[in-house]
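Undergrad: One structure is given below, represented as C-alpha coordinates, and several questions about it will come after.
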Amino acid sequence: AEIRLNEKFGFEPLLGQQVWDWCEQLAVHSEQDDGLTVTYLSPAHRACAAQIAQWMAAECGFDQVGIDAVGNVVGVYHGQDPSARRLLTGSHYDTVRNGGKYDGRLGIFVPMACVRELFRQGRRLPFGIEVVAFAEEEGQRYPATFLGSGALAGQFDPAWLEQVDGAGISMRDAMRQAGLPASLEAIAALARDPAQYLGFVEVHIEQGPVLDGLDLPLGSVSSINGSRRYLGQINGQASHAGTTPMALRRDAATAAAELLLFLERRAAQVPDLVGTIGLLEVPNGSVNVVPGCCRFSLDIRATSDAVRDACVADTLAELQRICERRGLGHEIRQTLCAAAAPSAPAWQARWERAVAALGLPVHRLPSGAGHDAMKLHDMLPQAMLFVRGLNAGISHNPLESTSCDDAELAVRALQQLLDHLAKD
Ligand code: HGY
Ligand code: MN
Ligand code: MN
Ligand code: MN
(Lines give C-alpha, C1' and ligand atoms only; values in the text may rest on other atoms or scores of the structure.)
(Ligands and ions follow the chains in the order given, each with its own letter.)
Protein backbone atom coordinates (compact mmCIF):
# COMPACT_ATOMS: atom_id res chain seq x y z
CA ALA A 1 0.00 0.00 0.00
CA GLU A 2 1.31 3.47 -0.77
CA ILE A 3 2.87 5.31 2.18
CA ARG A 4 0.51 8.17 2.97
CA LEU A 5 2.21 11.51 3.33
CA ASN A 6 1.18 11.94 6.96
CA GLU A 7 2.85 8.65 7.86
CA LYS A 8 5.95 9.64 5.86
CA PHE A 9 6.11 13.11 7.37
CA GLY A 10 4.71 12.11 10.75
CA PHE A 11 1.92 14.65 10.99
CA GLU A 12 -1.75 14.30 11.76
CA PRO A 13 -3.48 16.34 8.98
CA LEU A 14 -5.79 18.08 11.44
CA LEU A 15 -5.54 21.47 9.73
CA GLY A 16 -5.85 19.83 6.34
CA GLN A 17 -8.93 18.03 7.59
CA GLN A 18 -10.43 21.33 8.69
CA VAL A 19 -9.78 22.88 5.26
CA TRP A 20 -11.25 19.83 3.58
CA ASP A 21 -14.31 19.93 5.86
CA TRP A 22 -14.93 23.61 5.13
CA CYS A 23 -14.78 22.84 1.39
CA GLU A 24 -17.21 19.96 1.86
CA GLN A 25 -19.63 22.00 4.00
CA LEU A 26 -19.58 25.04 1.71
CA ALA A 27 -20.44 22.76 -1.21
CA VAL A 28 -23.89 22.27 0.34
CA HIS A 29 -24.88 25.60 -1.19
CA SER A 30 -25.48 25.09 -4.91
CA GLU A 31 -27.95 26.18 -7.60
CA GLN A 32 -28.50 22.59 -8.64
CA ASP A 33 -29.15 19.28 -6.88
CA ASP A 34 -26.23 17.33 -8.25
CA GLY A 35 -22.91 18.96 -8.99
CA LEU A 36 -21.80 22.34 -7.69
CA THR A 37 -22.92 25.57 -9.30
CA VAL A 38 -22.55 28.89 -7.48
CA THR A 39 -22.83 31.88 -9.80
CA TYR A 40 -22.63 35.53 -8.91
CA LEU A 41 -25.24 36.76 -6.37
CA SER A 42 -27.55 33.77 -6.69
CA PRO A 43 -29.20 32.68 -3.40
CA ALA A 44 -26.59 29.89 -3.14
CA HIS A 45 -23.83 32.45 -3.70
CA ARG A 46 -25.18 34.68 -0.92
CA ALA A 47 -25.48 31.70 1.40
CA CYS A 48 -21.83 30.90 0.75
CA ALA A 49 -20.80 34.47 1.59
CA ALA A 50 -22.75 34.39 4.86
CA GLN A 51 -21.27 31.00 5.77
CA ILE A 52 -17.68 32.06 5.13
CA ALA A 53 -18.22 35.27 7.12
CA GLN A 54 -19.70 33.27 9.99
CA TRP A 55 -16.73 30.86 10.10
CA MET A 56 -14.28 33.76 9.95
CA ALA A 57 -15.96 35.55 12.84
CA ALA A 58 -17.01 32.61 15.04
CA GLU A 59 -14.16 30.12 14.57
CA CYS A 60 -11.06 31.88 13.35
CA GLY A 61 -10.68 34.99 15.50
CA PHE A 62 -10.56 37.60 12.74
CA ASP A 63 -10.71 41.13 14.16
CA GLN A 64 -12.87 42.43 11.31
CA VAL A 65 -15.22 40.47 9.05
CA GLY A 66 -17.52 41.92 6.41
CA ILE A 67 -19.15 41.45 3.03
CA ASP A 68 -18.25 44.32 0.74
CA ALA A 69 -20.16 46.19 -2.00
CA VAL A 70 -19.54 43.55 -4.68
CA GLY A 71 -19.99 40.53 -2.37
CA ASN A 72 -16.36 39.81 -1.44
CA VAL A 73 -16.06 38.40 2.10
CA VAL A 74 -13.17 40.16 3.83
CA GLY A 75 -11.53 39.02 7.07
CA VAL A 76 -8.76 41.02 8.74
CA TYR A 77 -6.48 39.58 11.45
CA HIS A 78 -4.46 42.47 12.86
CA GLY A 79 -0.74 42.44 13.36
CA GLN A 80 0.91 43.46 16.66
CA ASP A 81 0.08 47.02 15.59
CA PRO A 82 -3.47 47.14 14.14
CA SER A 83 -2.37 49.80 11.67
CA ALA A 84 0.54 47.66 10.41
CA ARG A 85 0.70 46.82 6.70
CA ARG A 86 -0.99 43.61 5.71
CA LEU A 87 -0.37 40.53 3.67
CA LEU A 88 -3.29 40.11 1.27
CA THR A 89 -4.38 36.57 0.42
CA GLY A 90 -7.46 34.67 -0.70
CA SER A 91 -9.24 33.25 -3.72
CA HIS A 92 -12.78 33.01 -5.11
CA TYR A 93 -15.91 31.23 -3.86
CA ASP A 94 -17.98 31.31 -7.02
CA THR A 95 -17.75 28.25 -9.27
CA VAL A 96 -18.26 27.22 -12.88
CA ARG A 97 -21.44 25.28 -13.64
CA ASN A 98 -21.13 21.73 -12.30
CA GLY A 99 -17.71 22.55 -10.91
CA GLY A 100 -15.46 21.19 -8.21
CA LYS A 101 -15.39 21.86 -4.47
CA TYR A 102 -11.80 23.09 -4.25
CA ASP A 103 -11.32 25.53 -7.16
CA GLY A 104 -11.00 28.87 -5.36
CA ARG A 105 -12.25 27.59 -2.03
CA LEU A 106 -8.98 25.90 -1.08
CA GLY A 107 -7.31 29.31 -1.33
CA ILE A 108 -9.80 30.82 1.09
CA PHE A 109 -9.74 28.07 3.72
CA VAL A 110 -5.98 27.46 3.83
CA PRO A 111 -5.28 31.03 5.04
CA MET A 112 -8.35 30.89 7.29
CA ALA A 113 -6.87 27.80 8.98
CA CYS A 114 -3.56 29.66 9.42
CA VAL A 115 -5.31 32.64 11.03
CA ARG A 116 -7.27 30.31 13.29
CA GLU A 117 -4.01 28.74 14.51
CA LEU A 118 -2.46 32.15 15.16
CA PHE A 119 -5.59 33.15 17.08
CA ARG A 120 -5.56 29.95 19.12
CA GLN A 121 -1.90 30.46 19.96
CA GLY A 122 -2.60 34.11 20.81
CA ARG A 123 0.07 35.12 18.29
CA ARG A 124 0.24 38.42 16.47
CA LEU A 125 2.70 38.93 13.62
CA PRO A 126 4.46 42.20 12.70
CA PHE A 127 1.96 42.49 9.85
CA GLY A 128 -1.78 42.00 9.46
CA ILE A 129 -3.38 39.26 7.37
CA GLU A 130 -6.32 40.14 5.11
CA VAL A 131 -8.12 37.09 3.72
CA VAL A 132 -10.55 37.80 0.87
CA ALA A 133 -13.10 35.35 -0.48
CA PHE A 134 -13.59 36.89 -3.93
CA ALA A 135 -17.20 36.95 -5.09
CA GLU A 136 -16.83 36.51 -8.81
CA GLU A 137 -13.91 35.06 -10.75
CA GLU A 138 -15.38 32.63 -13.25
CA GLY A 139 -17.57 34.98 -15.28
CA GLN A 140 -20.45 32.50 -15.48
CA ARG A 141 -23.61 34.55 -14.86
CA TYR A 142 -22.15 37.73 -16.37
CA PRO A 143 -19.06 37.93 -18.62
CA ALA A 144 -17.41 40.07 -15.90
CA THR A 145 -14.50 37.81 -15.06
CA PHE A 146 -12.32 38.53 -11.99
CA LEU A 147 -14.92 41.06 -10.80
CA GLY A 148 -14.20 40.59 -7.07
CA SER A 149 -10.41 40.91 -7.28
CA GLY A 150 -10.78 43.55 -10.00
CA ALA A 151 -12.71 45.75 -7.57
CA LEU A 152 -9.84 45.60 -5.07
CA ALA A 153 -7.38 46.49 -7.84
CA GLY A 154 -9.54 49.45 -8.82
CA GLN A 155 -10.48 47.80 -12.13
CA PHE A 156 -14.25 47.38 -11.80
CA ASP A 157 -15.68 48.19 -15.24
CA PRO A 158 -18.82 50.38 -14.84
CA ALA A 159 -20.23 48.77 -18.01
CA TRP A 160 -20.52 45.50 -16.07
CA LEU A 161 -23.48 46.92 -14.14
CA GLU A 162 -25.49 47.05 -17.37
CA GLN A 163 -24.77 43.43 -18.36
CA VAL A 164 -27.81 41.16 -18.25
CA ASP A 165 -27.86 37.45 -17.46
CA GLY A 166 -29.73 34.70 -19.31
CA ALA A 167 -32.95 35.72 -17.55
CA GLY A 168 -32.49 39.37 -18.51
CA ILE A 169 -31.57 40.49 -14.98
CA SER A 170 -28.95 43.25 -15.01
CA MET A 171 -25.99 43.05 -12.66
CA ARG A 172 -27.22 46.26 -11.05
CA ASP A 173 -30.58 44.64 -10.26
CA ALA A 174 -28.92 41.44 -9.08
CA MET A 175 -26.80 43.52 -6.70
CA ARG A 176 -29.85 45.36 -5.40
CA GLN A 177 -31.74 42.07 -4.91
CA ALA A 178 -28.72 40.87 -2.90
CA GLY A 179 -28.90 43.96 -0.71
CA LEU A 180 -25.74 45.49 -2.19
CA PRO A 181 -25.55 49.26 -2.88
CA ALA A 182 -24.98 48.81 -6.66
CA SER A 183 -23.35 52.23 -6.73
CA LEU A 184 -20.12 53.00 -8.52
CA GLU A 185 -19.01 55.15 -5.59
CA ALA A 186 -19.36 52.28 -3.13
CA ILE A 187 -17.56 49.95 -5.55
CA ALA A 188 -14.78 52.43 -6.31
CA ALA A 189 -14.18 52.72 -2.55
CA LEU A 190 -13.11 49.04 -2.51
CA ALA A 191 -9.90 49.86 -4.38
CA ARG A 192 -6.98 49.12 -2.08
CA ASP A 193 -4.02 51.40 -1.42
CA PRO A 194 -0.99 49.28 -2.40
CA ALA A 195 1.09 51.11 0.21
CA GLN A 196 -0.98 49.37 2.90
CA TYR A 197 0.05 45.89 1.71
CA LEU A 198 3.20 43.77 1.56
CA GLY A 199 1.98 41.67 -1.37
CA PHE A 200 -0.60 39.10 -2.47
CA VAL A 201 -0.28 35.31 -2.20
CA GLU A 202 -2.83 32.80 -3.43
CA VAL A 203 -3.12 29.09 -2.77
CA HIS A 204 -4.99 27.21 -5.49
CA ILE A 205 -5.55 23.67 -6.65
CA GLU A 206 -3.40 23.10 -9.76
CA GLN A 207 -6.30 22.13 -12.03
CA GLY A 208 -3.84 20.27 -14.23
CA PRO A 209 -1.93 16.95 -14.38
CA VAL A 210 1.64 18.04 -13.57
CA LEU A 211 1.92 17.64 -9.77
CA ASP A 212 -0.14 14.45 -9.75
CA GLY A 213 2.09 13.07 -12.50
CA LEU A 214 5.22 13.91 -10.50
CA ASP A 215 3.62 12.67 -7.25
CA LEU A 216 4.26 16.06 -5.66
CA PRO A 217 1.80 17.68 -3.21
CA LEU A 218 2.82 21.31 -3.81
CA GLY A 219 4.18 23.42 -6.67
CA SER A 220 5.51 26.96 -7.11
CA VAL A 221 3.79 28.96 -9.85
CA SER A 222 6.25 30.74 -12.17
CA SER A 223 3.65 32.67 -14.17
CA ILE A 224 -0.07 32.72 -14.87
CA ASN A 225 -0.87 32.37 -18.57
CA GLY A 226 -2.64 35.33 -20.13
CA SER A 227 -6.04 34.79 -21.71
CA ARG A 228 -8.39 36.50 -24.15
CA ARG A 229 -12.08 35.67 -24.29
CA TYR A 230 -14.71 36.51 -26.88
CA LEU A 231 -18.44 36.05 -27.39
CA GLY A 232 -19.41 35.74 -31.05
CA GLN A 233 -22.40 35.11 -33.24
CA ILE A 234 -22.64 33.85 -36.84
CA ASN A 235 -25.73 34.95 -38.78
CA GLY A 236 -27.07 32.91 -41.69
CA GLN A 237 -30.64 32.13 -42.60
CA ALA A 238 -33.02 29.74 -40.93
CA SER A 239 -34.80 27.59 -43.52
CA HIS A 240 -36.69 24.32 -43.91
CA ALA A 241 -34.50 21.29 -43.17
CA GLY A 242 -36.43 19.18 -45.67
CA THR A 243 -36.69 21.45 -48.65
CA THR A 244 -33.52 23.58 -48.61
CA PRO A 245 -30.92 22.03 -50.95
CA MET A 246 -27.47 21.72 -49.31
CA ALA A 247 -25.92 24.11 -51.86
CA LEU A 248 -28.45 26.84 -51.08
CA ARG A 249 -28.14 26.79 -47.30
CA ARG A 250 -26.81 29.60 -45.16
CA ASP A 251 -26.13 27.37 -42.19
CA ALA A 252 -24.58 29.22 -39.22
CA ALA A 253 -23.83 26.05 -37.22
CA THR A 254 -21.68 24.37 -39.88
CA ALA A 255 -19.69 27.60 -40.15
CA ALA A 256 -19.11 27.49 -36.39
CA ALA A 257 -18.07 23.86 -36.72
CA GLU A 258 -15.39 24.86 -39.23
CA LEU A 259 -14.14 27.51 -36.77
CA LEU A 260 -14.05 24.99 -33.91
CA LEU A 261 -11.84 22.58 -35.86
CA PHE A 262 -9.64 25.41 -37.13
CA LEU A 263 -8.97 26.57 -33.55
CA GLU A 264 -8.21 23.02 -32.41
CA ARG A 265 -5.63 22.59 -35.19
CA ARG A 266 -4.15 26.07 -34.71
CA ALA A 267 -3.77 25.75 -30.93
CA ALA A 268 -2.18 22.30 -31.28
CA GLN A 269 0.68 23.89 -33.24
CA VAL A 270 2.26 25.36 -30.08
CA PRO A 271 2.82 23.31 -26.90
CA ASP A 272 1.57 25.77 -24.27
CA LEU A 273 -1.10 27.42 -26.45
CA VAL A 274 -4.67 26.36 -25.82
CA GLY A 275 -7.90 27.37 -27.53
CA THR A 276 -11.40 26.46 -26.43
CA ILE A 277 -14.92 27.04 -27.67
CA GLY A 278 -16.79 26.29 -24.45
CA LEU A 279 -20.15 27.84 -25.33
CA LEU A 280 -21.84 26.80 -28.59
CA GLU A 281 -25.56 27.20 -29.14
CA VAL A 282 -28.21 27.53 -31.80
CA PRO A 283 -30.64 29.91 -30.06
CA ASN A 284 -34.29 28.83 -30.50
CA GLY A 285 -33.10 26.02 -32.73
CA SER A 286 -35.35 23.22 -34.02
CA VAL A 287 -34.67 19.73 -35.27
CA ASN A 288 -36.14 20.56 -38.66
CA VAL A 289 -34.74 24.05 -39.22
CA VAL A 290 -31.38 24.87 -40.79
CA PRO A 291 -29.60 26.98 -38.10
CA GLY A 292 -29.83 30.64 -39.04
CA CYS A 293 -27.81 31.76 -36.03
CA CYS A 294 -25.05 30.22 -33.94
CA ARG A 295 -23.50 31.76 -30.81
CA PHE A 296 -20.09 30.74 -29.53
CA SER A 297 -17.31 31.73 -27.11
CA LEU A 298 -13.54 31.82 -27.62
CA ASP A 299 -10.98 31.32 -24.85
CA ILE A 300 -7.36 31.48 -26.05
CA ARG A 301 -4.37 31.32 -23.71
CA ALA A 302 -0.60 30.93 -23.72
CA THR A 303 2.38 31.60 -21.47
CA SER A 304 3.43 34.33 -23.90
CA ASP A 305 0.94 37.05 -24.81
CA ALA A 306 2.49 37.29 -28.30
CA VAL A 307 1.81 33.58 -28.99
CA ARG A 308 -1.72 33.99 -27.69
CA ASP A 309 -2.37 37.15 -29.73
CA ALA A 310 -1.09 35.52 -32.94
CA CYS A 311 -3.57 32.71 -32.44
CA VAL A 312 -6.37 35.20 -31.77
CA ALA A 313 -5.54 37.09 -34.98
CA ASP A 314 -5.48 33.88 -37.04
CA THR A 315 -8.77 32.71 -35.55
CA LEU A 316 -10.59 36.00 -36.18
CA ALA A 317 -9.23 36.05 -39.75
CA GLU A 318 -10.44 32.48 -40.28
CA LEU A 319 -13.88 33.44 -38.96
CA GLN A 320 -13.98 36.21 -41.57
CA ARG A 321 -12.90 33.79 -44.35
CA ILE A 322 -15.46 31.13 -43.37
CA CYS A 323 -18.28 33.65 -43.30
CA GLU A 324 -17.31 35.22 -46.65
CA ARG A 325 -17.05 31.82 -48.27
CA ARG A 326 -20.48 30.85 -46.97
CA GLY A 327 -22.18 34.20 -47.44
CA LEU A 328 -22.79 34.63 -43.71
CA GLY A 329 -22.50 37.58 -41.35
CA HIS A 330 -20.87 37.58 -37.94
CA GLU A 331 -20.31 39.75 -34.91
CA ILE A 332 -17.80 39.20 -32.13
CA ARG A 333 -16.73 41.09 -29.01
CA GLN A 334 -13.87 40.62 -26.62
CA THR A 335 -14.97 40.08 -23.03
CA LEU A 336 -11.58 39.57 -21.38
CA CYS A 337 -7.99 40.44 -22.11
CA ALA A 338 -5.83 39.34 -19.16
CA ALA A 339 -2.09 39.66 -19.67
CA ALA A 340 0.27 36.92 -18.51
CA ALA A 341 1.21 37.52 -14.86
CA PRO A 342 4.74 36.36 -13.94
CA SER A 343 5.22 35.74 -10.22
CA ALA A 344 7.19 38.39 -8.29
CA PRO A 345 10.61 36.72 -7.79
CA ALA A 346 10.86 37.63 -4.10
CA TRP A 347 7.43 36.12 -3.36
CA GLN A 348 8.01 33.07 -5.52
CA ALA A 349 11.20 32.57 -3.51
CA ARG A 350 9.19 32.85 -0.29
CA TRP A 351 6.89 30.05 -1.41
CA GLU A 352 9.82 27.92 -2.54
CA ARG A 353 11.66 28.41 0.75
CA ALA A 354 8.48 27.42 2.59
CA VAL A 355 8.01 24.26 0.50
CA ALA A 356 11.67 23.30 0.95
CA ALA A 357 11.36 23.89 4.72
CA LEU A 358 8.72 21.14 4.75
CA GLY A 359 11.27 18.74 3.27
CA LEU A 360 9.49 18.71 -0.09
CA PRO A 361 11.11 19.07 -3.51
CA VAL A 362 10.41 22.45 -5.15
CA HIS A 363 8.79 22.19 -8.56
CA ARG A 364 8.06 25.30 -10.63
CA LEU A 365 5.27 25.34 -13.15
CA PRO A 366 3.19 27.88 -15.12
CA SER A 367 -0.52 28.18 -14.51
CA GLY A 368 -2.70 27.43 -17.54
CA ALA A 369 -5.68 28.54 -15.46
CA GLY A 370 -6.43 32.17 -14.70
CA HIS A 371 -6.56 33.32 -11.09
CA ASP A 372 -7.43 36.34 -8.97
CA ALA A 373 -3.69 36.80 -8.50
CA MET A 374 -3.46 38.07 -12.09
CA LYS A 375 -5.76 40.93 -11.16
CA LEU A 376 -3.89 41.81 -7.97
CA HIS A 377 -0.72 41.51 -10.07
CA ASP A 378 -1.45 44.98 -11.43
CA MET A 379 -1.33 46.42 -7.93
CA LEU A 380 0.93 44.24 -5.73
CA PRO A 381 3.78 41.75 -6.06
CA GLN A 382 2.12 38.33 -6.17
CA ALA A 383 2.98 34.64 -6.23
CA MET A 384 0.95 31.45 -6.01
CA LEU A 385 1.26 28.03 -4.44
CA PHE A 386 -0.33 25.10 -6.28
CA VAL A 387 -1.79 22.12 -4.48
CA ARG A 388 -1.93 18.78 -6.29
CA GLY A 389 -5.25 17.84 -7.84
CA LEU A 390 -5.93 14.10 -7.76
CA ASN A 391 -7.23 12.21 -10.82
CA ALA A 392 -4.61 13.94 -13.00
CA GLY A 393 -5.80 17.28 -11.64
CA ILE A 394 -9.16 17.20 -13.38
CA SER A 395 -11.01 20.45 -12.64
CA HIS A 396 -14.10 22.42 -13.63
CA ASN A 397 -15.64 19.01 -13.07
CA PRO A 398 -17.22 17.33 -10.00
CA LEU A 399 -14.30 14.85 -10.07
CA GLU A 400 -11.97 17.65 -8.91
CA SER A 401 -10.33 16.47 -5.68
CA THR A 402 -7.45 16.86 -3.27
CA SER A 403 -6.50 15.18 0.01
CA CYS A 404 -6.34 16.23 3.65
CA ASP A 405 -2.62 15.43 3.56
CA ASP A 406 -2.00 17.83 0.68
CA ALA A 407 -4.24 20.49 2.25
CA GLU A 408 -2.26 20.07 5.47
CA LEU A 409 1.00 20.63 3.63
CA ALA A 410 -0.46 23.75 1.98
CA VAL A 411 -1.39 25.14 5.41
CA ARG A 412 2.07 24.33 6.74
CA ALA A 413 3.69 25.96 3.71
CA LEU A 414 1.71 29.15 4.31
CA GLN A 415 2.64 29.00 8.01
CA GLN A 416 6.29 28.75 7.00
CA LEU A 417 5.89 31.72 4.65
CA LEU A 418 4.23 33.78 7.39
CA ASP A 419 6.95 32.89 9.92
CA HIS A 420 9.74 33.76 7.46
CA LEU A 421 7.99 37.01 6.57
CA ALA A 422 7.71 37.87 10.27
CA LYS A 423 11.49 37.54 10.59
CA ASP A 424 12.30 39.50 7.39
O1 HGY B 1 -10.86 30.06 -16.51
C2 HGY B 1 -10.02 30.02 -15.64
O3 HGY B 1 -8.86 29.83 -15.90
C4 HGY B 1 -10.40 30.20 -14.21
O5 HGY B 1 -11.02 29.03 -13.76
N6 HGY B 1 -11.27 31.33 -14.07
MN1 MN C 1 -12.07 27.99 -12.15
MN1 MN D 1 -10.05 29.22 -9.67
MN1 MN E 1 -1.31 23.62 -27.72
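The values are calculated or read from the model by the stated rules, or taken from the named source; none is laboratory data. As the structure is a computational prediction, the values presented were derived from the model and not from experiment. Because the Cβ atoms are built from the backbone with ideal geometry, glycine has one as well, and the counts that use them run over all protein chains shown. Areas reflect the complete protein model, heavy atoms only, side chains present, ligands, DNA and RNA absent. Shrake-Rupley method; radii C 1.70, N 1.55, O 1.52, S 1.80 Å.
Undergrad: I'd like the distance separating the alpha-carbon centroids of segment 138-153 and segment 72-119, in whole Å.
TA: 17 Å
Undergrad: Taking amide H atoms as placed 1.01 Å from N in the peptide plane, list the residues 5 or more away in sequence, or in a different chain, whose amide H sits under 5 Å from that of GLY199.
TA: LEU88
Undergrad: How big is segment 131-283 by Rg and Dmax over its Cα atoms, in Å?
TA: When restricted to Cα atoms, segment 131-283 yields Rg and Dmax of 21.4, 69 Å.
Undergrad: Set the Förster radius R0 to 25 Å, insert the Cβ-Cβ distance between ASP63 and GLU185 as r into 1/(1 + (r/R0)^6), and round the FRET efficiency to 0.05.
TA: FRET efficiency, ASP63 to GLU185: 0.45.
Undergrad: With each pseudo-label sitting 7 Å past Cα toward Cβ, what's the ASP309-LEU390 distance in nm, one decimal?
TA: Inter-label distance under the simple model: 4.3 nm.
Undergrad: Something else about it: Considering only protein heavy atoms, what per residue accessible area in square angstrom results for the chain with a 1.4 angstrom probe?
TA: On a per-residue basis, 40 Å².
Undergrad: In addition: I'd like to know how segment 204-274 sits against the 2.2 N^0.38 Å rule of thumb: what's its Cα Rg over that expected value?
TA: This ratio for segment 204-274 stands at 1.83.
Undergrad: Roughly how many Å is it from the Cα centre of segment 271-292 to that of segment 206-228, as a whole number?
TA: 29 Å
Undergrad: Could you work out how far the C-alpha centroid of segment 408-424 sits from that of segment 301-357, in angstrom?
TA: That distance is 32 Å.
Undergrad: In whole Hz, what ³J(HN,Hα) sequence does segment 23-34 give by Karplus (6.51, -1.76, 1.60; θ = phi - 60°), x for Gly and Pro?
TA: Running phi through 6.51 cos²θ - 1.76 cosθ + 1.60 with θ = phi - 60° gives 4, 4, 5, 5, 5, 5, 8, 8, 7, 9, 6, 10 Hz.
Undergrad: Follow-up. Under a GNM of the chain (C-alpha, springs under 10 Å), which listed residue has the highest mean-square fluctuation: VAL164, VAL76, VAL132?
TA: Highest fluctuation among the options: VAL164.
Undergrad: In whole Hz and in residue order, list the ³J(HN,Hα) couplings for segment 149-163 that follow from phi through the Karplus curve 6.51 cos²θ - 1.76 cosθ + 1.60, θ = phi - 60°; x for Gly and Pro.
TA: Once rounded to whole Hz, the list reads 6, x, 5, 5, 8, x, 10, 6, 8, x, 5, 4, 4, 7, 4.
Undergrad: Can you give me the % of accessible surface on the chain that is carbon or sulfur? Probe 1.4 Å, all protein chains present, nothing else counted.
TA: Roughly 53 percent, rounded to a whole number.
Undergrad: Also: To the nearest 20 Debye, how big is the dipole of segment 228-338 about its Cα centre, given +1 on the beta carbon of each Lys and Arg and -1 on that of each Asp and Glu?
TA: Result for segment 228-338 is approximately 180 debye, rounded to the nearest 20.
Undergrad: Take every DSSP beta bridge with both residues inside the chain and express the antiparallel ones as a percent of the total, to the nearest 5.
TA: Of the beta bridges lying entirely in the chain, close to 70 percent run antiparallel.
Undergrad: Here is a follow-up. Which semi-axes, in whole Å and largest first, does the equivalent ellipsoid of segment 37-137 have when worked out from the alpha carbon gyration tensor as the square roots of 5 times its eigenvalues?
TA: In descending order, the three semi-axes are 25, 12, 11 Å.
Undergrad: With a Förster radius of 25 Å, plug the Cβ-Cβ distance of LEU214 and ARG97 into 1/(1 + (r/R0)^6) and report the FRET value to the nearest 0.05.
TA: The pair LEU214/ARG97 has a calculated efficiency of 0.25.
Undergrad: Semi-axes of the equivalent ellipsoid of the chain: what are they in whole Å, largest first, if each equals the square root of 5 times a C-alpha gyration tensor eigenvalue?
TA: Those come to 40, 24, 20 Å.
Undergrad: For segment 265-424, divide the Cα radius of gyration by the Kirkwood radius and give the resulting Rg/Rh value with two decimals.
TA: 1.10
Undergrad: While we're here: Please state, as a whole number in µm²/s, the translational diffusion coefficient that the Stokes-Einstein equation yields for segment 165-249 at 4 °C and 1.567 mPa s, with Rh defined as the Kirkwood radius across alpha carbon pairs.
TA: It diffuses with D of about 64 µm²/s by this estimate.
Undergrad: Which far-off residues, 5 or more places away or on another chain, put their amide H under 5 Å from the one on LEU336, with H placed in the peptide plane?
TA: Excluding prolines and chain starts, which carry no amide H, the hits are ARG229.
Undergrad: Please report, in whole Å, how far the alpha carbons of segment 228-338 spread along each principal axis, starting with the longest.
TA: Here the spans come out as 49, 23, 19 Å, largest first.
Undergrad: Go through LEU216, LEU147, LEU14 and list them by solvent-accessible area, largest first, probe radius 1.4 Å.
TA: If we order LEU216, LEU147, LEU14 from most to least accessible, we get LEU14, LEU216, LEU147.
Undergrad: May I pose another question? Could you size up the charge dipole of segment 171-311 around its Cα centre, putting +1 on the beta carbon of Lys and Arg and -1 on that of Asp and Glu, and report it in debye to the nearest 20?
TA: Dipole magnitude for segment 171-311 comes out near 600 debye.
Undergrad: Nearest 10 degrees is fine. How inclined is helix 43-59 to the longest principal axis of the chain, computing both from alpha carbons?
TA: Approximately 10 degrees, to the nearest ten.
Undergrad: If the label point is 7 Å along Cα→Cβ of GLU7, which residues in segment 395-424 have backbone nitrogen under 15 Å from it?
TA: 405
Undergrad: How large is ³J(HN,Hα) for each residue in segment 338-351, as worked out from phi by the Karplus curve 6.51 cos²θ - 1.76 cosθ + 1.60 (θ = phi - 60°), to whole Hz, x for Gly and Pro?
TA: Once θ is set to phi - 60°, the couplings for segment 338-351 become 10, 6, 4, 10, x, 5, 5, x, 5, 7, 5, 5, 5, 4 Hz.
Undergrad: Another question, if that's okay. What residues qualify as long-range amide H neighbours of ARG85, i.e. H under 5 Å apart, gap of 5 or more or another chain, H built at 1.01 Å from N?
TA: Long-range HN contacts for ARG85: GLY128.
Undergrad: Cβ under 10 Å from GLY104's Cβ, GLY104 left aside: what net charge do those residues give with Lys, Arg +1 and Asp, Glu -1?
TA: -4
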